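Here is the structure we will look at, set down as structure tokens.
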Amino acid sequence: MNTMIIILGAIGIFVLFLIATYNSLVVLKTRIKEALSGIDVQLKRRIDLIPNLVETVKAYAKHEKTVFTEVTKARSNLLKAETIKEKAEANNMLTSTLKSLFAVAEAYPQLQANESFRELQRQLEDTEDKIAYSRQFYNSNVLEYNTKVKMFPSNLVANLFGFSEVDFFEIEEKEKKNVKVNFE
């Protein structure tokens, strides 16, 4: 009788462990999806600002067609990106082309004095900060989830139920430097 109670207790504890571990993995995976949606919202906001920015710069720098084409192409790639890796790569490309656009803008003092351009700069800078925060929030959740997926004994439950590691939202090494978009 005592042996049966011990066996049932052990089975009960094991089942509770499985349920608790499974549920914690589900919660972490859901947090990752929420964090990714936060990145998507900010990337969409950035994408929406770019046509106005390009048009404003075009009004002053009509002959800089290559830069405008590159920015438009990078924006389009970001719109088409579906996976984390594609979004990160497209985001890096867009950041690089925006640097070129702002470098062009430096050559036009009248453009820099334009109130509309300065407001777009401010909004873009604000959006860049929000993207960085969203990326950090996402990566923190991915770190916690991936750690749980790899650590024993939760890795046994993860493998049993098909939980696998998730990619971080990474930026290129050269993009880790601060982007200055204020020309005052």
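The values are calculated or read from the model by the stated rules, or taken from the named source; none is laboratory data. These numbers were taken from a predicted model, which means no experiment stands behind them. Virtual Cβ from ideal backbone geometry, glycine too; neighbours counted across all protein chains shown.
For this structure, a couple of remarks:
- Only one entry of LEU78, LEU98 meets the criterion of being under 14 Å from the mean Cα position of the chain (by Cα), modelled with pLDDT under 95, surrounded by 12 or more Cβ atoms within 10 Å (Cβ to Cβ) and assigned to a helix (DSSP H, G or I), and that entry is LEU78.
- Residue check, THR66 of a type in the set (S, T, N, Q), within 17 Å of the chain's Cα centre (by Cα) and assigned to a helix (DSSP H, G or I): no
- Odd one out for PHE137, checked against (1) touching a residue at least 24 places away in the same chain (Cβ under 8 Å); (2) among the aromatic types (Phe, Trp, Tyr); (3) in a loop (DSSP other than H, G, I, E, B): (3)
- Scan of region 37-62 for residues that are surrounded by 19 or more Cβ atoms within 10 Å (Cβ to Cβ) and within 18 Å of ILE171 (Cα to Cα), ordered by number: ILE39, GLN42, LEU43, ARG46
- Filter result (without any contact (Cβ under 8 Å) to a residue 12 or more places away in the chain and in contact with a Phe, Trp or Tyr (Cβ under 8 Å, 6 or more places away or on another chain)) within region 58-93: LYS58
- ASN146 fulfils the conditions (1) surrounded by 14 or more Cβ atoms within 10 Å (Cβ to Cβ); (2) within 16 Å of the chain's Cα centre (by Cα) except for a single criterion, (2).
Matching residues to (1) farther than 25 Å from PHE169 by Cα; (2) touching a residue at least 60 places away in the same chain (Cβ under 8 Å):
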| site | (1), (2) |
| --- | --- |
| THR95 | no, yes |
| VAL104 | yes, no |
| LEU111 | yes, no |
| SER116 | yes, yes |
| GLN121 | no, yes |
| ASP126 | no, no |
| ALA132 | no, no |
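- Residues in region 19-52 that are closer than 28 Å to GLU125 by Cβ, at pLDDT 95 or above and of a type in the set (Lys, Arg): ARG31, LYS33.
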